[in-house]
Amino acid sequence: MNFIIAPSILSADFCKLSEELKKIGKFPDSWVHLDIMDGSFVPVITFGSPLVKSIRKHSSNIFDVHLMVNSPEKQIPLFASAGADYITFHIESTNSPLNLINEIKNTNLKTGVSLRPSTPVSLIENLLPDLDLLLIMSVEPGASGQTFVESTFDKIKFIKAIKERKHLNLLISVDGGINEQTAEDVIEAGADILVMGSYFFGTPFEEVENFINGLRNKNIS
Ligand code: DX5
Ligand code: ZN
């Protein structure tokens, strides 16, 4: 199976971030997923662009910034200069998604849009040709360690079908509740990228490695 993992450092040990980044680096194609929460779009506050800038020099993996903030337009230049490679904003956080997409593209970064579990695909369907990545939330944004929402499978399959029909160069990323029970089905449904928080950092590393490598060696059924 072909897929990229994007461990979320929200579930990492913040006292040992450089070691945690090294764990991610053991999977050379993996991405570092950065969950940015502002205490307004979601209740929790996590961290901002200064932290991203500071850890950028400790990793050569792709930095995948997931903005869960109101007024995302204010954050785009800050995360661009902090070293983001992808910036993803929530469709529910803006009335002018095309402006934001262009703003991100103008900084030469890859552009993503994210959907809460209850947000219908119809809201973003016309944006898909302009995007590099669609981040489908499989839990309510705001916390790690939640249970995967089953209806996500239909959403992934639906987007995958559009992607194939329209020959889009779009990565499908799925975020929330991904672990040994859900990962394989998520890939089979059409995900290219698996965001992993509590599973990646809360499981002995050898076990994670065996599981990921085992999945890679499996043929798609
Ligand atoms: C939730 C975040 C997720 C979260 C994933 O708001 O966007 O990236 O950290 O954590 P797990 O894998 O534990 O659900
Ligand atoms: Zn996320």
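The values are calculated or read from the model by the stated rules, or taken from the named source; none is laboratory data. Bear in mind the structure is a predicted one, so any value in this text is a computation, not a measurement. Note that each Cβ is placed from the backbone with ideal geometry, even for glycine, and that neighbours are counted across all protein chains shown.
Overview of results
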| item | result |
| --- | --- |
| Enumeration of residues in region 10-34 that are within 13 Å of ligand 2 (Cβ to nearest atom) and either without any contact (Cβ under 8 Å) to a residue 60 or more places away in the chain or farther than 18 Å from Ile178 by Cα (or both) | Val32, Leu34 |
| Failed item, numbered, when Ile220 is tested on (1) away from ligand 2 (no atom under 16 Å from the Cβ); (2) in contact with an Asp or Glu (Cβ under 9 Å, 6 or more places away or on another chain); (3) over 23 Å from Gly112 (Cα atoms); (4) modelled with pLDDT of 95 or more | (4) |
| Any hit, region 199-211, residues being within 16 Å of ligand 2 (Cβ to nearest atom), modelled with pLDDT of 95 or more, part of a loop (DSSP other than H, G, I, E, B) and within 13 Å of Ile5 (Cβ to Cβ) | no |
| Test result for Glu206, among the charged types (D, E, K, R) and more than 25 Å from Thr88 (Cβ to Cβ) | yes |
| Single residue of Glu140, Glu125 found to be farther than 27 Å from Ser198 by Cα and either modelled with pLDDT under 95 or charged (D, E, K, R) (or both) | Glu125 |
| Matching residues, region 30-50, being polar (S, T, N, Q) and touching an Asp or Glu at 6+ places or on another chain (Cβ under 6 Å) | Thr46 |
| Any pair with Cβ under 7 angstrom, 6 or more apart, that starts in region 192-216 at a residue that is more than 30 Å from Glu164 (Cβ to Cβ) and ends at one that is more than 9 Å from ligand 1 (Cβ to nearest atom) | Phe201/Ala12; Phe201/Glu20; Phe205/Lys23 |
| Any hit, region 78-86, residues being among the hydroxyl-bearing types (Ser, Thr, Tyr) and farther than 24 Å from Ser18 by Cβ | no |
| Matching entry among Glu140, Glu150, Glu180, Glu164 (being out of contact with any Leu (no Cβ under 6 Å at 6 or more places or on another chain), away from ligand 2 (no atom under 16 Å from the Cβ), in a loop (DSSP other than H, G, I, E, B) and farther than 22 Å from Ser30 by Cβ) | Glu150 |
| Residue among Ser40, Ser49 that alone is hydroxyl-bearing (Ser, Thr, Tyr) and under 22 Å from Leu133 (Cβ atoms) | Ser49 |
